[in-house]
Amino acid sequence: MAAKKKAVEAASTEVPTQDERGSRKVRQGIVVSNKMEKTVVVKIERRVQHPIYGKVVLRTKKFKAHDIIGCDEGDTVEIMETRPISRDKCWRVTQILEKVK
């Protein structure tokens, strides 16, 4: 009985750290659209080497991100992975790196 009580106390005091939970992905991109409420579309470009020809090619992908900061089109922002907010949104804007001029 005492061993069970100690095990319960030990389990309740442990708090999961960031390493145990896993790290969240962070990406930088350009805001393409802000026409929705609290949502922006962020375009992320990455350079990948072609598997056969070896030429470096640009690959782009668009992510919908939750925006409470208030980004404008053309802003460079940092987005972070988060829990699913809606059907398409599982990223959120963490900061604006560069405002559009």
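The values are calculated or read from the model by the stated rules, or taken from the named source; none is laboratory data. What you are looking at is a predicted structure, and each value in this text was computed from that prediction instead of being measured. Here Cβ is always computed from backbone atoms with ideal geometry, including for glycine, and neighbour counts include all displayed protein chains. Just so you know, the surface numbers come from the protein's heavy atoms only, side chains and all, with ligands and any DNA or RNA stripped out. Shrake-Rupley method; radii C 1.70, N 1.55, O 1.52, S 1.80 Å.
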- prompt: Tell me, what is the Rg over Rh of the range 33-86, with Rh the Kirkwood radius over Cα pairs?
  reply: 1.11
- request: Please turn the phi angles of the range 37-54 into ³J(HN,Hα) values with the Karplus equation 6.51 cos²θ - 1.76 cosθ + 1.60 (θ = phi - 60°), one per residue in order, whole Hz, x for glycine and proline.
  value: 7, 6, 9, 10, 9, 10, 9, 10, 9, 9, 9, 10, 7, 5, x, 9, 8, x
message: Once you keep just the Cα pairs under 8 angstrom separated by 6 or more residues, what percentage relative contact order results for the range 45-97?
response: 31
- prompt: Here are some pairs, LYS64/LYS101; LYS62/LYS89; LYS25/LYS99; LYS61/LYS101; LYS43/LYS64; LYS25/LYS55; which of them have Cα atoms lying more than 18 Å apart in this structure?
  reply: LYS64/LYS101; LYS25/LYS99; LYS61/LYS101; LYS25/LYS55
- line: Rounded to a whole %, the carbon-and-sulfur portion of the accessible area of the range 31-101 at a 1.4 Å probe is 49
task: Could you tell me which GluC sites (Glu not before Pro) in the range 29-100 are loop residues by DSSP with no more than 12 other beta carbons within 10 angstrom of their beta carbon?
output: GLU37
